[in-house]
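What follows is a short report on a single structure.
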Amino acid sequence: MPEPRGIDNVFVDVADLDDGVAWYERVAGLRVKLRTPDMAVLEVGGDVAGVVLVRSESVTPARLWFEVVDAAAVAAELSTVTFPIPTGLTTRITDPWGNEIGFTDYTLRPELARP
């Protein structure tokens with residue numbers, strides 16, 4: 001039986017890789033750490049794992065959520081609304097390919113937040 005040690009990479013389909021990289025840099029604050037003609041690995045918080053944008057003619061929408069310090073501040077910047085969850089607040093936005101991107105904070109459960 002496998003014993004997972006953490007999440008490796010998360011793969012997200014986009015129809016246009018250049019537009020996808022630009023959107024995730026602008027909206028999610030991610031930066032490219034590796035790029036090929038058909039994919040781009042975006043760094044998330046200095047982790048080895050990342051978000052891998054994959055050029056695809058047939059996009060299967062995904063749901064991808066990031067931990068942030070202050071979801072209300074992110075919501076204000078993105079002109080989205082927040083809603084409460086058991087750990088704090090969250091907000092979400094959909095990218096141009098139908099992928100749902102969420103930003104969650106741990107203001108109600110700070111002991112669970114990353115340092």
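The values are calculated or read from the model by the stated rules, or taken from the named source; none is laboratory data. From a predicted model like this one, the values you see are computed outputs, not experimental measurements. Cβ coordinates were reconstructed from backbone atoms using ideal geometry, including for glycine residues, and neighbour counts include every protein chain displayed. Note: accessible area is taken over every heavy atom of the protein model, side chains too, but ligands, DNA and RNA are not part of it. Shrake-Rupley method; radii C 1.70, N 1.55, O 1.52, S 1.80 Å.
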- Query: When you go through Ala28, Ala40, Ala75 one by one, which is the residue that is in contact with a helix residue (DSSP H, G or I) (Cβ under 8 Å, 6 or more places away or on another chain), crowded, with 16+ Cβ neighbours inside 10 Å and not hydroxyl-bearing (Ser, Thr, Tyr)?
  - Reply: Ala40
- Message: Regarding region 52-69, can at least one residue be identified that is charged (D, E, K, R) and over 14 Å from the mean Cα position of the chain (by Cα)?
- Response: yes
- Item | Which numbered condition Val48 fails, given (1) crowded, with 18+ Cβ neighbours inside 10 Å; (2) outside any helix (DSSP H, G or I); (3) of a type in the set (A, V, I, L, M) | (1)
- Task: Give the residue, chosen from Val41, Val74, that is free of Cβ contacts under 8 Å to residues at least 40 places away in the same chain, hydrophobic (A, V, I, L, M, F, W, C), over 19 Å from Asp8 (Cα atoms) and not in a loop (DSSP other than H, G, I, E, B).
- Result: Val74
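Find the residue count for region 1-25, including only residues that are farther than 26 Å from Arg114 by Cα and either open to solvent by less than 30 Å² (accessible area, probe 1.4 Å) or of a type in the set (Gly, Ala, Ser) (or both). Full working, then the answer.
Narrowing region 1-25 to residues farther than 26 Å from Arg114 by Cα: 1, 13-20, 22.
The next check asks that each one be either open to solvent by less than 30 Å² (accessible area, probe 1.4 Å) or of a type in the set (Gly, Ala, Ser) (or both); those that pass are 14-15, 17, 20, 22.
Total meeting the criteria: 5.
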- Query: So, in region 51-72, of the ones that are among the small types (Gly, Ala, Ser) and open to solvent by 40 Å² or more (accessible area, probe 1.4 Å), which residue ends up modelled with the highest pLDDT?
  - Reply: Ala72
- Would you mention how many residues in region 36-50 are under 13 Å from the mean Cα position of the chain (by Cα) and of a type in the set (A, V, I, L, M)? 4
- Exactly one condition in (1) under 18 Å from Gly29 (Cβ atoms); (2) at pLDDT 95 or above is not met by Pro84; state its number. (1)
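Select from region 78-93 the residues that are assigned to a strand (DSSP E or B) and either small (Gly, Ala, Ser) or surrounded by fewer than 12 Cβ atoms within 10 Å (Cβ to Cβ) (or both) and list them in ascending order. Let's see the steps before the verdict.
At the first step, the residues of region 78-93 found to be assigned to a strand (DSSP E or B) are 82-85, 88-93.
Listed by number, the residues that qualify are Phe83, Pro84, Gly88.
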- Item | Selection count where residues are in contact with an Asp or Glu (Cβ under 7 Å, 6 or more places away or on another chain) and either at positive phi or exposed (fewer than 14 other Cβ atoms within 10 Å of the Cβ) (or both), scope region 97-115 | 1
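Identify all residues within region 52-71 that are charged (D, E, K, R) and part of a loop (DSSP other than H, G, I, E, B); write none if there are none.
Of the residues in region 52-71, the ones charged (D, E, K, R) are 55, 57, 63, 67, 70.
Residues satisfying the conditions are Glu57, Asp70.
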